[in-house]
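Following: one structure in structure tokens, then a few remarks.
Each value in this text was obtained by applying a stated rule to the coordinates, not by laboratory testing. Here the structure is a predicted model, which means the values were calculated and not measured. In this analysis, Cβ positions are derived from the backbone assuming ideal geometry, glycine residues included, and neighbour counts consider all displayed protein chains.
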Amino acid sequence: MRKQGGTEVFRITGARQGLAEDVRGRQRRYVISMSVRTLAVIATVALWNVERPVAIVTLALGVLLPYVAVVIANGGRENVTSLPSAHIAPPAHRMIAPPVEPAVAETGPTAAEGDRPSGP
């Protein structure tokens, strides 16, 4: 999808389509239905003296199709069964653990300074 400014626009999954896009789609379906109706009326005129049962079917199609086309065109916007949640859970903050002190090896009682042997 591209807007007129040239910037690319991405569709969000689960979000409704834009109003302009919805109207454009409904207009397109209506024009297609009316084109089929026009062909049915032309076929009715062409087949009336040749194949009357087929002409009656196309006549019925030409009579009923405008009603169906208007109902479909005015059906409104599509129904979204469930919208995506707008709530975003806050990120879990991890607490920095206090530093672990290295284990001190117990070697017994330490010698007092007076108990040291003096040098030569």
Environment charge of Ala69, counting only residues whose C-beta is closer than 14 Å and scoring Lys/Arg +1, Asp/Glu -1: +4
For Ala92 and Arg29, what does the FRET efficiency come to when R0 = 41 Å and r is the distance between their Cβ atoms, rounded to the nearest 0.05? 0.30
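Given 0.36 nm per residue, what is the gain on full extension from Val54 to Glu101 after removing their alpha carbon distance, in nm?
Roughly 7.4 nm would be gained on extension.
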Explain nothing, just the number: relative contact order of the stretch 18-77, from Cα pairs under 8 Å at least 6 residues apart, as a whole percent. 45 percent
Where does each of 50-59, 18-27, 37-46 land if you order them by average Cβ count within 10 Å, highest first? 37-46, 50-59, 18-27
Can you pull a Stokes-Einstein diffusion coefficient for the stretch 18-77 at 37 °C (0.692 mPa s), Rh from Kirkwood over Cα pairs, as a whole number of µm²/s? 266 µm²/s
